[in-house]
Each structure stands twice: as structure tokens, then as C-alpha cells.
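For reference, the structure discussed in these notes is given below.
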Amino acid sequence: ELLSYYEDLSDHLLRATEWGETLRELVSTVHETNLALNDARMNAVMKKMAAWAGLVAVPTLITGWFGMNVPYPGFAQPWGFWLSTTVIIGAVAGIFVIFRRNDWF
């Protein structure tokens, strides 16, 4: 006569075990989602940092080229300074526009 009670207890235990496994899977899914969101945020930040590094690299390259002690068009001439300044501003503006279109800023 106790068999029906044991079957009922077994049924309750089975339901509790399944409910616990469901909750464990839910917590695992929430944790993985949180990690994925953090990765997406970090990728967006890294993309912006790379864009800023690209903007800084262009003037560095141009001033390094014009700063060499070898003759180039405009060497020791006032218009050479203005040429390098114009090239720097134009290149940075062009890269900025390209990065802005590609949503890097």
C-alpha cells in the first residue's frame, strides 16, 4: 500500500530534478549572453581605437617624410610647409570621412 506513495515521491523528485536542470541551463544561457555582449562592446571600442590610431598615423607619416634632411620639392621654402600642412589636413579629413561612412566613429 506504500507503493503509490513512493511512486508519487519519485514523480515529485523527477520533476524537481528536471526543474533544477532547466534553471541551470537558463543561468548558463544568461551567462553566455552576457559574455557575448561584453565581447561585442569590446569589439566596438577596439574598432574606434584603431580608427583613432589610423588618424594619428597619417600626420606622423607625412611629418616624418617632410622632416627628413634630404631635399624634396619645397625643401627650405615657405610653400613646402604649407604643402605638407595641406596634405596632412586633406589626408586626415579623407580618412575621417571614410571611417565615418564605415561607422568606425
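For the stretch 68-96, what are the residues that are outside any helix (DSSP H, G or I) and touching a Ser or Thr at 6+ places or on another chain (Cβ under 9 Å)?
74
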Suppose we keep only residues that are surrounded by 14 or more Cβ atoms within 10 Å (Cβ to Cβ) and not basic (Lys, Arg) within the stretch 37-57. Which one would you say is farthest from residue 85 (Cα to Cα)?
51
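Among the residues of the stretch 58-105, which ones are of a type outside the set (Ser, Thr, Tyr), surrounded by 15 or more Cβ atoms within 10 Å (Cβ to Cβ) and without any contact (Cβ under 8 Å) to a residue 24 or more places away in the chain?
Across the stretch 58-105, the qualifying residues are 66, 83.
Read the figures in this text as sums done on the coordinates, not as results from a lab. Remember, it's a predicted structure, so these values are computed and weren't measured experimentally. All Cβ positions, even for glycine, are placed from backbone atoms using ideal geometry, and neighbour counts span all protein chains on display.
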